[in-house]
């Protein structure tokens, strides 16, 4: 074996040793950089190779948010491609999904994530005081974040939606679709079923606050009970119609 090949093998072994023993806190630094502080890894234990912690999604002010337990393990074969490829598990479940970290950013594919309804208040602080309830499932087909751009698509489904400010429950089931083309992320809301009919569209571009414009329609039998709730966040146009703007 030539001297140069021995040197190359030695350097490769050294690089693997560094990755295997590097602290898990380095992941937090990379997440914070790629998400502008919106996603963090707290209570990190272990190494880049494998470990556990709490993944946090924070609001626009980075003061509050939601957290989920997370466990990860690396797939060594991807190191030869210059990337870190992880298998991720949330909330101690057996289901895993891949996350790839490279110099260009972070990519998530084929992920199903259960979220509390309160997570809606992270993207739209105006909704935070409503005491929202229900089951939410975020399905990420593909999401790539890096260098100030977002590519990919995801779907958020909110089942049995409710609020602490009304006795009507559920208000309905809703679907919010996200599409990122690099320049902006666009969202489309539609109602699957329920007495409170919601629809609308929103967009977000790097360096700007998200903006969502929607409409709410309430049938006459539920109008008296739902109108006080909707007036907290929307403009009453009469006859059960409300205009909603979230910034």
field: Between 0 and 90°, nearest 10: helix 3-21 axis offset from the chain longest Cα axis
entry: 40 degrees
message: Can you tell me which of 24, 111, 164 moves the most in a GNM of the chain? Springs connect C-alpha atoms under 10 Å apart.
response: 164
Rough spin-label spacing in nm, given labels placed 7 Å along Cα→Cβ, for residue 184 and residue 36: 1.5 nm
- prompt: Points 7 angstrom from Cα along the Cβ direction at residue 164 and residue 96: gap in nanometres?
  reply: 3.9 nm
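The numbers here are math on the coordinates, done by the rules we state, and not lab data. Please read these numbers as outputs of a predicted model, since none were measured by experiment. Cβ sites come from the backbone with ideal geometry, for glycine too, and all protein chains shown count toward neighbours.
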